Amino acid sequence: MEDARSLSDTDLARIEEIALKETYIAGRLVVRDGQVAGIAINIVLGKNSDAAEMEVSDYLNAFLDRARASHPEFAICLTGTAIGNRVVADATKDDLENLAPLAFHLTVAITAILLRSAFATDFLLLPTLLKTIDSRRKISRE
């Protein structure tokens with residue numbers, strides 16, 4: 001709705017009454033008492049959907065940061081498939097950057113203790129080390 005600030009209290013009450021009587025809105029996008037509302041946005045992604053999801057989620061997060069700053073009295077939350085995929089991708093990246101090296105070092109230490117041989121430990125863990133280095137290169141390119 002354009003220029004919503006110019007609406008009178010009567011206009012706003014009429015719009016609220018209409019919205020809360022509409023079966024497709026009330027109880028779905030707007031709670032029946034009118035205190036909570038949702039906005040449904042359908043995003044159709046092209047061939048490079050990963051990059052598009054990243055761009056959409058970055059834009060929405062920046063937009064909501066500005067909205068939260070302008071309207072601190074509102075609690076604004078974001079959800080959906082594109083946001084969920086971004087969260088999973090970020091968590092996976094963080095795990096690969098932080099937990100994978102830790103797990104590798106623990107594996108090296110435990111293997112060295114159990115085998116009591118640096119050569120045997122190197123021989124067993126060399127493929128894992130090479131794969132870890134390769135994975136980190138792929139992540140840094142993205």
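Taking the condition at pLDDT 80 or above, assigned to a helix (DSSP H, G or I) and of a type in the set (Gly, Ala, Ser), does residue 19 pass? No. The set of residues in region 1-21 being under 26 Å from residue 83 (Cβ atoms) and surrounded by 11 or more Cβ atoms within 10 Å (Cβ to Cβ) consists of 19 alone. The number of residues in region 3-16 being in a loop (DSSP other than H, G, I, E, B) and modelled with pLDDT of 85 or more comes to 2.
Restricting 114, 125, 130, 102 to those that are within 27 Å of the chain's Cα centre (by Cα), assigned to a helix (DSSP H, G or I) and either of a type in the set (Ser, Thr, Tyr) or more than 30 Å from residue 52 (Cβ to Cβ) (or both) reduces the list to 102.
Restricting region 22-73 to residues that are surrounded by fewer than 11 Cβ atoms within 10 Å (Cβ to Cβ) and in a helix (DSSP H, G or I), the residue that is farthest from the chain's Cα centre (by Cα) is 70. Whenever a residue of region 91-116 is in contact (Cβ under 8 Å) with a residue 24 or more places away in the chain, its partners that are in a helix (DSSP H, G or I) and of a type in the set (A, V, I, L, M), lying with C-beta atoms within less than 8 angstrom and at least six residues away or across chains, give the pairs 93/139; 96/139; 97/139; 104/125; 104/129. Which of (1) over 30 Å from residue 129 (Cβ atoms); (2) surrounded by 10 or more Cβ atoms within 10 Å (Cβ to Cβ); (3) not hydrophobic (A, V, I, L, M, F, W, C) is the odd one out, the single condition residue 97 does not satisfy? Failing condition for residue 97: (1).
The values are calculated or read from the model by the stated rules, or taken from the named source; none is laboratory data. Here the structure is a predicted model, which is why all the values come from computation and not from measurement. A quick note on method: Cβ atoms are made from the backbone with ideal geometry, for glycine too, and the neighbour counts reach across all protein chains shown.
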